1. Collect the residues in the stretch 163-194 that are at negative phi, more than 16 Å from the ligand (Cβ to nearest atom) and not hydrophobic (A, V, I, L, M, F, W, C), keeping them in residue-number order.
2. Looking at the stretch 92-113, is at least one residue aromatic (Phe, Trp, Tyr) and either in contact with a His (Cβ under 7 Å, 6 or more places away or on another chain) or not in a helix (DSSP H, G or I) (or both)?
3. When you scan the stretch 201-259, how many residues do you find that are surrounded by fewer than 23 Cβ atoms within 10 Å (Cβ to Cβ), of a type in the set (D, E, K, R) and within 18 Å of residue 185 (Cβ to Cβ)?
4. For the stretch 237-254, name all the residues that are near the ligand (Cβ under 8 Å from one of its atoms) and among the charged types (D, E, K, R).
5. Tell me, which residue of the stretch 138-193 that is assigned to a helix (DSSP H, G or I) and hydroxyl-bearing (Ser, Thr, Tyr) is most open to solvent (accessible area, probe 1.4 Å)?
6. Looking only at the stretch 197-204, decide whether some residue is in contact (Cβ under 8 Å) with a residue 24 or more places away in the chain, assigned to a loop (DSSP other than H, G, I, E, B), more than 12 Å from the ligand (Cβ to nearest atom) and of a type in the set (A, V, I, L, M, F, W, C).
7. If we keep just the residues of the stretch 61-91 that are at pLDDT 95 or above, of a type outside the set (D, E, K, R) and within 29 Å of residue 132 (Cα to Cα), which is farthest from the ligand (Cβ to nearest atom)?
8. Just to confirm my filter: which helices (runs of 4 or more DSSP H) fall fully inside the stretch 1-81 and include at least 3 residues that are free of Cβ contacts under 8 Å to residues at least 60 places away in the same chain?
Amino acid sequence: MFLTRKLNSLLSLIDLSIVRKSVLYGWQTGEVETKQDVLLPDGAETYLTATNPRLQELRQRYATFQAQASMAIVWTDEYVQSYGLQSFRGDNCYVWQTRDPNCAEINYCLTAYYVKTIDSLGVLEKNSEDGLFGVHTYTVDLRVFSRDLLDSTVELNFLEKHLQLSHIDDLTILDIGAGYGRLAYRTANTFPNVSRYFCTDAVPESTFLSEYHLKFRGLEDKVTVVPLDEIEKKLQEQKIDLAVNIHSFSECSLEAIEWWLSLLAAEKVKNLFIVPNASDHGGDKLALNSGEDFSILVEKYGYRLQVKAPKYEDPMVQKYGVSPTYYYLFELES
Ligand SMILES: C[S@@+](CC[C@H](N)C(=O)[O-])C[C@H]1O[C@@H](n2cnc3c(N)ncnc32)[C@H](O)[C@@H]1O
């Protein structure tokens with residue numbers, strides 16, 4: 001005992017401690033293998049390559065488009081190209097699945113049970129997890145979950161609660177920084193009243209992957225991927241009920257955020273949902289990864305905060321649930 005205490009007091013200087021192995025779970029000792037095989041549908045391996053002509057074309061077009069829109073602080077070419085295209089739903093730059101706070105097996109288990117209790121919208125009934133493209137999955141209560149499915153369920157229930165999306169005729173949504181189309185896929189499956197969900201992005205790989213993914217899901221009648229250099233024109237032609245930005249502005253430069261906000265304000269997009277990254281469980285501010293607050297910019301373009309709420313309503317789940325953060329809902333002042 002004396003020796004353990006002595007050693008622990010020394011080890012605490014370097015954030016370490018001696019703990020009995022018998023009190024740890026397998027996922028804490030590394031004895032449980034978390035790496036999963038990448039399941040791919042036919043054709044994915046040949047299409048999802050860095051030399052695909054569509055990806056090359058998008059790269060060229062984005063490189064010559066207005067620089068402000070894509071000015072990168074996180075999403076450099078090296079960053080995005082360090083991840084394999086074929087495992088785009090894996091634990092990578094789009095959706096951290098093992099590296100964000102609370103991403104152990106036990107946190108997934110807690111979050112899955114929580115999500116089942118708050119899903120009055122029925123997202124889980126209308127969506128499943130097929131484990132494709134490298135996504136990490138956890139089976140809880142005989143059902144397969146992923147962070148993709150959990151986050152989407154919580155987000156859509158939040159939006160239904162505050163904006164009653166299911167009651168809006170011909171609902172139109174714009175997703176800025178849409179990644180591989182995670183929320184587009186879940187939204188199109190959930191809301192029969194969605195007339196169009198637009199995905200846009202300033203990173204060519206993301207546009208390329210969302211085009212592929214949403215076509216693969218058979219959602220071309222509901223979802224449109226709009227390349228960066230076509231988005232201004234598209235928004236001039238199209239009313240948008242809600243713009244969403246999920247874990248994207250936190251990874252953008254202030255210049256890029258301002259470019260998007262000026263576009264939304266010019267086209268009078270009324271509702272804006274922002275989910276920042278939150279390494280500290282969020283809540284204190286709407287911030288970039290660097291910690292810089294960008295709420296002043298949002299206000300500058302006429303957006304007023306209507307709701308700020310923890311991702312998980314139960315404080316214990318906000319403490320231990322997968323990747324806790326805060327949700328921010330703004331409305332454009334008229
Ligand atoms: C962490 S991913 C989140 C993806 C998606 N919103 C989700 O939650 O699944 C961040 C996204 O922001 C996009 N992004 C990076 N820089 C951007 C910019 N300047 N303008 C718009 N989107 C950007 C990336 O391409 C990527 O799709």
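1. Result: 166, 167, 169, 172, 192, 193.
2. yes
3. 6
4. Answer for the stretch 237-254, where residues must be near the ligand (Cβ under 8 Å from one of its atoms) and among the charged types (D, E, K, R): just 251.
5. Of everything passing the filter in the stretch 138-193, 166 is most open to solvent (accessible area, probe 1.4 Å).
6. Checking the stretch 197-204: not a single residue is in contact (Cβ under 8 Å) with a residue 24 or more places away in the chain, assigned to a loop (DSSP other than H, G, I, E, B), more than 12 Å from the ligand (Cβ to nearest atom) and of a type in the set (A, V, I, L, M, F, W, C).
7. Among those residues, the one meeting the criterion is 86.
8. The qualifying helices (runs of 4 or more DSSP H) are 2-11, 53-64, 77-81.
The values are calculated or read from the model by the stated rules, or taken from the named source; none is laboratory data. Keep in mind that what you see is a predicted model, and the values were worked out from it rather than measured. Every residue, glycine among them, receives a Cβ derived from its backbone with ideal geometry; neighbour counts consider all protein chains shown. For accessibility, only protein heavy atoms count, side chains too; no ligands or nucleic acids. Shrake-Rupley method; radii C 1.70, N 1.55, O 1.52, S 1.80 Å.
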